[in-house]
Amino acid sequence: MTESTRFIQGNHPAQLLSQAEQVISPALSAQSFVRDLPKNGNFRVGVDLGTAFTVLVVLNEQGEPLIGEYQFAQVVRDGLVVDYVGAVDLLQGMKERVEAQLGRQLTHAASGYPPGVPPVERQATANVVEAAGFKCTGLIDEPTAANLILGLEEGVIADIGGGTTGIAIIENGKVVYTADEATGGTHFSLVIAGARDISFEAAESLKKDPAEQARLFPIVRPVMEKVGTIIERQIQGSGVKSISLVGGTPLFPGIADVIGEITGLPTAVIDHPLFVTPLGIALYDQ
Ligand code: ATP
């Protein structure tokens with residue numbers, strides 16, 4: 001990590017993450033801009049090809065979020081690109097819509113990969129980015145990207161996404177150990193679909209409905225416990241003292257308490273956890 005890619009001084013991470021939530025939208029027509037779109041100057045662009053969501057985010061030179069889009073798509077499984085053509089089409093479309101709003105072209109982007117993905121598979125991610133019309137300026141592992149934003153000196157970052165839980169141990173500000181295991185929000189939706197006898201898509205929306213989450217808690221609690229057990233096993237013997245949760249799945253209330261009970265460590269969800277990794281990936285682009 002170089003100083004130039006570290007989190008931009010003077011902006012609080014929670015503030016940038018909240019702005020990212022306002023500008024990264026599933027439908028660009030619903031976009032609310034938090035700052036003027038610049039007519040010149042460089043952009044920093046991040047592409048996060050996730051199991052559940054693909055995110056494209058554009059920052060200004062100062063690292064502040066300008067615009068972005070996220071789309072549900074199953075083009076990646078366990079960190080591996082499983083639908084190459086689908087991924088390229090999806091990203092090309094997102095790029096074109098964002099460019100139309102910006103009135104400028106996006107020429108380059110960085111991308112990320114989950115820990116443990118072999119180099120050849122990382123290259124597939126870079127190939128998707130290039131085929132969509134970007135020069136791929138770099139690939140960064142997702143926990144290191146997350147810590148560009150969080151700037152933790154010590155502790156554990158657990159990135160609980162759609163398909164997997166990524167774990168990174170941080171010592172002296174550096175990622176010293178990473179792991180990635182299957183189990184994430186998709187498994188929450190699968191148990192809800194089974195328990196309620198509804199489709200996966202219906203279970204996904206029910207899971208995200210704040211009015212339903214307390215009722216669904218007993219159904220998803222065993223999956224939260226499984227995530228806790230994965231984290232506990234991965235950090236055993238490391239001496240870490242706290243766990244920070246990022247990604248989409250920590251938006252389900254109560255997950256930090258369950259993981260805290262299983263691991264015996266203070267556990268908290270970062271404010272605005274959804275776009276920590278995509279924002280970190282974009283900061284890596286230069
Ligand atoms: P991965 O990291 O496994 O590749 P991803 O990058 O697509 O997947 P994220 O975007 O971090 O993962 O998170 C997506 C998951 O978060 C999905 O399972 C989604 O259903 C879940 N999720 C998003 N919003 C909420 C919410 N409000 N409540 C509960 N779960 C949510």
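The values are calculated or read from the model by the stated rules, or taken from the named source; none is laboratory data. All values derive from a computational prediction rather than experimental measurement. Cβ coordinates were reconstructed from backbone atoms using ideal geometry, including for glycine residues, and neighbour counts include every protein chain displayed. SASA here: full protein model, heavy atoms, side chains in, ligands and nucleic acids out. Shrake-Rupley method; radii C 1.70, N 1.55, O 1.52, S 1.80 Å.
See the values below:
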read-out	value
Rounded percent of accessible protein surface that carbon and sulfur make up, segment 104-242, 1.4 Å probe	52 percent
Residues of segment 247-283 with amide N under 14 Å of a point placed 7 Å along Cα→Cβ from HIS12	271-272
Selection from GLY173, PRO65, ILE231, by position along the positive dipole direction of the chain (Cβ)	PRO65
For segment 142-286, alpha-carbon Rg relative to the globular expectation (2.2 N^0.38 Å, N residues)	1.03
Residue-normalised accessible area of the chain, given per residue in Å² at a 1.4 Å probe	42 Å²
Net dipole in debye of segment 72-143 [+1 Lys, Arg Cβ; -1 Asp, Glu Cβ; about Cα centre; nearest 20]	220 debye
Within the chain, helix-based [θ] at 222 nm, where runs of 4 or more DSSP H residues each add -39,500 (n - 2.57), nearest 500	-12500 deg cm²/dmol
Potential extension, PHE72-GLU121 segment - 0.36 nm per residue separation minus Cα distance	15.5 nm
Efficiency of FRET from Cβ geometry, GLU201 and LEU80, R₀ 30 Å, rounded to 0.05	0.85
Furthest towards positive pole of dipole, VAL156, VAL240, VAL128, structure part the chain, Cβ charges	VAL128
Whichever lysines have a C-alpha closer than 27 Å to that of LYS39, once near sequence neighbours (fewer than 8 apart) are set aside	LYS95, LYS135
Cα-centre dipole for segment 153-251 with unit charges at Cβ (Lys and Arg positive, Asp and Glu negative), debye to 20	200 debye
Dipole of the chain [Lys/Arg +1, Asp/Glu -1 at C-beta], most positive-end residue of PHE53, PRO143, GLN286	GLN286
